[in-house]
Amino acid sequence: MTLTTTLLIDLDDTLLGNSMDAFIPAYLQKLGQSIAEYTNPQQMPSVMFAATEHMFRNQRPDRTLEATFDPHFYEPLGMHKPNVREKIDAFYEKEFPKLKQLTRFIPEAVKFVDQALARGYRIGIATNPLFPRTAIVQRLRWAGFDEQKYPFALIPSYESFHFAKPNPAYFGEFLGRMGWPEGPLLMIGNDLDHDVRGALGLGVPVFWISELGAEIPEGFPTPTARGSLSDVLPWIDSLTPQALEPTYDSPGATVATMRGCSAALAGMAAEFPPQWWGNCPDPEEWCLTAIVCHLRDVEREINLPRLQDIIRGENPFIPGIDSDAWAAERGYKTQDGQKALVDFLAARIETLALLDALVADDWQLPARHAIFGPTQLSELAGFMARHDRLHIRQVYETIETITKLQI
């Protein structure tokens with residue numbers, strides 16, 4: 001079976017000419033003018049930058065970027081969000097479109113995307129989700145891509161995403177929201193930090209959009225390939241499909257997978273009607289509630305205790321556990337799925353705190369597994385990440401199937 005090639009494509013200065021050095025000051029000026037009756041517009045830029053920095057630093061899979069941003073923006077400016085919401089909505093409807101004049105249409109970008117879609121490639125718009133969805137969709141239109149006409153698999157925004165580039169967890173969340181596609185995968189972008197460093201941190205190949213002769217500054221990782229958008233498809237054609245297979249085996253990729261998948265689960269669950277959580281795609285398959293209950297119990301009773309035992313440094317014995325049997329034994333389908341999700345995320349945050357605190361040598365801490373024999377923390381954590389990828393695909397497919405059945 002031939003697997004579909006998946007492309008993650010950056011927006012600004014990749015698909016749309018948009019220098020942030022010019023765009024951001026103009027954006028802040030217009031936004032400040034729109035809410036001047038509620039706050040001092042002179043103070044807004046510094047508060048905006050500080051609130052945005054909190055979005056960059058967020059590591060919690062249970063907190064969206066919007067939820068991270070809001071208390072650090074509205075409160076310091078003395079505003080209550082519901083009171084200014086109408087003004088901000090009007091800004092994005094009437095004033096934000098005027099910023100189009102600061103951007104540049106790139107015909108090559110439209111040609112590239114059209115050719116990629118004609119090949120059957122699956123495309124996600126891997127822009128930094130620091131703006132509301134309306135701002136991202138509008139910039140896509142300026143680039144020549146009406147979301148109603150272009151079947152993009154995913155367009156992130158600060159309402160729905162939890163992480164920002166260059167955090168590798170952003171790419172884990174992105175892939176999770178796409179059902180963690182298998183097969184050839186490529187990130188395409190112009191930013192060495194946000195696009196190249198971030199994607200490579202998860203193990204995703206990267207094509208760096210760069211000018212001829214551009215140098216890579218010291219300290220930045222080397223992209224998989226480089227050139228213009230017109231060079232991407234010929235370069236892909238020169239490779240075997242296996243050459244674009246990602247590798248998620250580094251400790252950093254393991255943590256990014258586990259952080260990203262849990263955020264993707266939270267995001268997809270938030271958009272799925274609660275009354276459908278108990279619906280099964282097939283009598284032999286799990287409903288969303290059962291999947292979430294399974295993840296909760298595995299995290300609380302297997303993943304977290306195992307990591308804690310290994311970190312104690314006692315070369316513990318790890319018994320094999322048939323956690324799949326718990327679905328029937330514990331009556332998952334009849335439980336409160338939304339409560340289970342909250343409990344899973346709480347346990348996952350504990351797990352991530354353990355992993356974040358590890359130093360390089362800790363990943364080699366030994367254990368003895370009943371099935372795999374002598375092992376170490378890195379291998380067992382890798383199993384946890386693979387378990388996440390398996391079930392995020394299951395969640396994605398379950399939601400897709402149930403949604404189609406209900407429409």
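Annotation: the antiparallel percentage among DSSP beta bridges lying fully within the chain is about 25. Put in line by how crowded their Cβ is, counting other Cβ atoms within 10 Å and starting with the fewest, MET187, MET258 read MET258, MET187. The fewest-to-most ranking of THR222, THR68 by surrounding Cβ atoms within 10 Å reads THR222, THR68. Between LEU16 and any residue 5 or more places off or on another chain, the built amide H atoms are never under 5 Å apart. With each run of n ≥ 4 DSSP H residues scored as -39500 (n - 2.57), what mean residue ellipticity at 222 nm is computed for the chain after dividing by its residue count and rounding to the nearest 500 deg cm²/dmol? After summing the helix terms and dividing by residue count, I get -14500 deg cm²/dmol. Spelling out what I want: for every residue of the stretch 117-131, take phi, set θ = phi - 60°, compute 6.51 cos²θ - 1.76 cosθ + 1.60 (Karplus), and round to whole Hz; glycine and proline get x. Couplings: 5, 5, 7, x, 5, 9, 10, x, 8, 8, 7, 6, x, 8, 10 Hz. Between SER210 and ASP62, the modelled labels are 4.1 nm apart [label points 7 Å from Cα along Cα→Cβ].
By other beta-carbon atoms within 10 Å, ranking PHE317, PHE91, PHE171 with the fewest at the front produces PHE317, PHE91, PHE171. Taking GluC sites (Glu not before Pro) across the stretch 155-258, the ones in a DSSP loop with at most 14 further Cβ atoms lying within 10 angstrom of their Cβ are GLU182, GLU211, GLU215, GLU218. Across the stretch 168-182, computed HN-Hα scalar couplings (Karplus, 6.51 cos²θ - 1.76 cosθ + 1.60, θ = phi - 60°) run x, 5, 4, 6, x, 5, 4, 5, x, 5, 9, x, 6, x, 9 Hz from first to last residue, x flagging Gly and Pro.
For a label point 7 angstrom out from the Cα of ALA243 toward its Cβ, which stretches of the stretch 198-232 have the backbone nitrogen within less than 11 Å? Flagged as within label range: 225. I'd like the distance between the alpha-carbon centres of the stretch 150-199 and the stretch 307-359, rounded to an integer number of Å. That distance is 26 Å. The calculated FRET efficiency for GLU37 paired with GLN308, based on their beta-carbon distance and R0 = 45 Å, is about 0.25. A simple rule links phi to the HN-Hα coupling: the Karplus curve 6.51 cos²θ - 1.76 cosθ + 1.60 with θ = phi - 60°, which for the stretch 203-219 gives x, 9, x, 10, 9, 8, 7, 8, 6, 4, x, 4, 9, 8, x, 4, x Hz, with x for Gly and Pro. For the chain, the longest principal axis of the C-alpha atoms and the axis of helix 81-90 are separated by about 50°. Across the stretch 251-406, counting alpha-carbon atoms alone, Rg and Dmax equal 16.2, 52 Å.
Since every read-out is calculated from the coordinates, none of them should be taken as a lab result. Computed from a predicted structure; not experimentally measured. Glycine also receives a Cβ, built like all others from the backbone with ideal geometry; neighbour counts cover every protein chain displayed.
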